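Before any comments, here is the structure.
What follows draws every value from the coordinates through simple rules; no lab data is involved. Predicted model only: the values in this text are computed from it and were never measured. All Cβ positions, even for glycine, are placed from backbone atoms using ideal geometry, and neighbour counts span all protein chains on display.
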Amino acid sequence: MYNSRGTQSFTSVGVHTFLIETRPMSQSLSNPDSVSWFIPRDDSSDFEANMSARDHEWLTAHNVRRKRYHEEFGRTYVPLKWSPKLADAAKEYAIELLSDCDYEGILHEQNVGEGENLAKNDGEGSWGDMYPADSILSRWVEREIGKGNPGNAHMTQVLWRASNYVGCGESVKPHGEGYCRIQVCRYARPGNCDMKSYDASIGNNWMIPMLMAESKCGPLCAPEGCF
């Protein structure tokens with residue numbers, strides 16, 4: 001069974017589920033004063049040195065797609081940088097979402113300025129396994145190629161050129177005869193900003209804001225500052 005409700009995609013086979021969700025446009029917080037959040041840093045070498053193999057997996061899965069599609073769409077590739085504090089916040093919320101493993105949906109954290117993509121898999125056997133980050137990104141990106149907006153909102157967040165930072169976190173608990181797993185990625189700046197101003201639901205207009213180098217929503221920098 002496959003259902004689509006707004007920006008939510010849900011698959012179910014018996015007791016097995018895989019769910020993905022991206023923050024709705026109305027929750028991308030417009031903040032013209034966000035430049036005041038700028039805290040300069042020299043570089044991100046310290047953060048990269050402390051990244052786990054799984055962190056690298058998440059970052060690579062994002063950036064191979066950003067490079068592919070930025071260049072395919074005729075723009076200069078803008079890679080994401082890993083933010084440990086975004087990752088910590090994502091993990092904290094992923095743990096909180098474990099209380100909703102019996103709930104069919106998956107909900108965004110409220111009053112958060114960063115962008116957010118969510119996923120959940122739940123069930124026995126391989127359904128409860130830890131999926132490769134590339135598999136999660138494939139659902140957020142490749143499965144939404146050819147869709148209009150807002151049905152492609154996971155993809156537009158991943159590829160949003162004005163986003164410069166990402167951090168992802170996960171959680172797991174035994175559930176029924178298997179496991180429930182939650183995956184959360186946070187982005188600064190957030191994507192899907194001010195889409196209505198570009199009539200994003202009409203044709204390929206969503207590409208205009210997605211490929212812009214600047215955006216007015218949310219914090220410019222990661223919580224650590226800009227680097």
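Per residue of region 110-127, what does 6.51 cos²θ - 1.76 cosθ + 1.60 with θ = phi - 60° give for ³J(HN,Hα)? Whole Hz please, x for Gly and Pro, Karplus curve as stated.
Going residue by residue, I get 7, 6, 10, x, 7, x, 8, 10, 10, 8, 8, 10, 8, x, 8, x, 5, 5 Hz, with x marking Gly and Pro.
If you rank Ile95, Ile136, Ile106, Ile182 by fewest surrounding Cβ atoms within 10 Å, what's the result?
Values: Ile95 16, Ile136 23, Ile106 20, Ile182 26.
If I rank by nearby Cβ atoms, fewest first, I get Ile95, Ile106, Ile136, Ile182.
How far apart, in nanometres, would the label points at Lys85 and His56 be if each is projected 7 angstrom from Cα along the Cα-to-Cβ direction?
Output for this residue pair reads 2.6 nm.
Once you've got the Cα coordinates, tell me which of Lys85/Lys147; Lys85/Lys216; Lys120/Lys147; Lys91/Lys147; Lys147/Lys173; Lys67/Lys216 are over 26 Å apart.
Working: Lys85/Lys147 32 Å; Lys85/Lys216 22 Å; Lys120/Lys147 21 Å; Lys91/Lys147 29 Å; Lys147/Lys173 33 Å; Lys67/Lys216 23 Å.
Long pairs (Cα-Cα over 26 Å): Lys85/Lys147; Lys91/Lys147; Lys147/Lys173.
One-quarter of the Cα convex hull surface for region 117-175, in nm²?
Details: hull surface 19.7 nm².
Mean projected area for region 117-175: 4.9 nm², to one decimal.
Grab the Cα-Cα distance for Glu177 and Glu92, subtract it from 0.36 nm times how many residues apart they are, and report the gain in nm with one decimal. All intermediate terms of the calculation are to be shown ahead of the outcome.
Details: separation 85, 0.36 × 85 = 30.60 nm, distance 2.48 nm.
Stretched out fully, the Glu177 to Glu92 stretch lengthens by 28.1 nm.
Obtain the nm distance between the two label points defined at Lys196 and Asp100 by a simple spin-label model: each point lies 7 Å from its Cα along the Cα-to-C-beta direction.
Roughly 2.3 nm, to one decimal.
What FRET efficiency comes out for the pair Glu71/Asn111, r = Cβ-Cβ distance, R0 = 35 Å, nearest 0.05? Can you show the working numbers first?
On the way: r = 36 Å, r/R0 = 1.02.
About 0.45, to the nearest 0.05.
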